[in-house]
Amino acid sequence: MNTKYQHLFFDLDHTLWDFETNSQEALLDLYQRYDIEHQLNAPVQDFLKAYYQINDALWKLYREGKVSKAELRHQRFQKAFHSFGPLEEGVIAKFEEEYMTLAPQKTALMPGTLEMLSKLKGHFNMHIISNGFEETQKVKLLGSGLAPFFEVLICSDTLGVNKPEAKIFVNAMKEAGANRKNSLMIGDNLQVDILGARNTGMDQVYYNPQGESHNEKPTLEIRHWSELPAYLLQA
């Protein structure tokens, strides 16, 4: 077994919890429930495309500290709906409120997640470092069956700082009783997870299921979760 590491720190969204699948299921449910297609004459796929572009842009601004948690939540649906036409503010607010309740309850995980975690449990102390909101991430962990695998949950909104800033990694290691040499960060975002961890002095695993090209050199790069236990538990 690779005895260098004692603590594994995972990102949650897009890494373990299948954000795209879960988010889309919730959006489709609500789009139909509120009859948005007829109100705005906007096919759901057109709306989804607009929403994801706006949401990604706002999350980037949030990570950079340029918008608040409240502004992100308020603006993403407002801007997406208004790109197709006027919609009552009350409807938008209710849609957002119900999305925040419904989406975290969805339980789809990235392929092989539970099998991978089951193999690693008992060999390593495992934790979560997320830029998501704590109350939402706790719902995801509990509902999807991930919670029993993890000891420490660090979320950006509780610290007031986001990955890739070093403070969030340092605080996570401190809370877990870990240090840079015995810690490994695992995530799907090169800039946020991998370079953030590297700049903090942590080794990194880049989870890259789509095989996207890049010029960085993480400690390890994998496309399938079966590769992680094979690497960490090797004799």
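The values are calculated or read from the model by the stated rules, or taken from the named source; none is laboratory data. Owing to the predicted nature of the structure, the values given are computational and were not obtained by experimental measurement. Note: ideal-geometry Cβ built from the backbone for every residue, glycine included; neighbour counts use all protein chains shown. Quick note on the areas: whole protein, heavy atoms, side chains included, nothing else; ligands and nucleic acids left out. Shrake-Rupley method; radii C 1.70, N 1.55, O 1.52, S 1.80 Å.
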- prompt: Within region 9-24, is there a residue that is farther than 15 Å from Gln137 by Cβ and open to solvent by less than 50 Å² (accessible area, probe 1.4 Å)?
  reply: no
message: Quick check on this structure: which one of Gln45, Gln6, Gln53 is over 18 Å from Ile129 (Cβ atoms), surrounded by fewer than 18 Cβ atoms within 10 Å (Cβ to Cβ) and in contact with a helix residue (DSSP H, G or I) (Cβ under 9 Å, 6 or more places away or on another chain)?
response: Gln53
statement: Within region 178-205, of all residues that are touching a residue at least 40 places away in the same chain (Cβ under 8 Å), under 23 Å from Lys4 (Cβ atoms) and open to solvent by 10 Å² or more (accessible area, probe 1.4 Å), the one nearest to the chain's Cα centre (by Cα) is Asp188
Region 91-122, subset over 30 Å from Met1 (Cα atoms) and among the basic types (Lys, Arg), residue surrounded by the most Cβ atoms within 10 Å (Cβ to Cβ): Lys106
task: Go through region 102-194 and tell me which helices (runs of 4 or more DSSP H), entirely inside it, have 1 or more residues that are of a type in the set (Gly, Ala, Ser) and at pLDDT 95 or above.
output: 113-120, 134-143, 166-176
query: Does Ser213 satisfy the criteria of being at pLDDT 95 or above, open to solvent by 10 Å² or more (accessible area, probe 1.4 Å) and hydroxyl-bearing (Ser, Thr, Tyr)?
result: yes
query: In this structure, does Tyr51 turn out to be part of a helix (DSSP H, G or I) and either of a type in the set (Gly, Ala, Ser) or without any contact (Cβ under 8 Å) to a residue 60 or more places away in the chain (or both)?
result: yes
statement: Checked against (1) of a type outside the set (Ser, Thr, Tyr); (2) open to solvent by 40 Å² or more (accessible area, probe 1.4 Å); (3) in contact (Cβ under 8 Å) with a residue 60 or more places away in the chain; (4) at positive phi, Gly160 satisfies every condition except (3)
- request: Would you mind telling me which numbered condition in (1) closer than 22 Å to Ser130 by Cα; (2) part of a loop (DSSP other than H, G, I, E, B) Gly85 fails?
  value: (1)
field: Residue tally, condition under 20 Å from Tyr207 (Cβ atoms) and in contact with a Lys or Arg (Cβ under 7 Å, 6 or more places away or on another chain), over region 13-62
entry: 2
message: For region 61-80, check the following and say yes or no: at least one residue is touching a residue at least 40 places away in the same chain (Cβ under 8 Å), open to solvent by less than 30 Å² (accessible area, probe 1.4 Å) and more than 18 Å from Lys163 (Cα to Cα).
response: no
query: List the pairs whose first member sits in region 20-46 and is within 14 Å of Ile92 (Cβ to Cβ), whose second member is open to solvent by 80 Å² or more (accessible area, probe 1.4 Å), and whose Cβ atoms are under 7 Å apart, counting only residues at least 6 apart or on separate chains?
result: Tyr31/Glu37
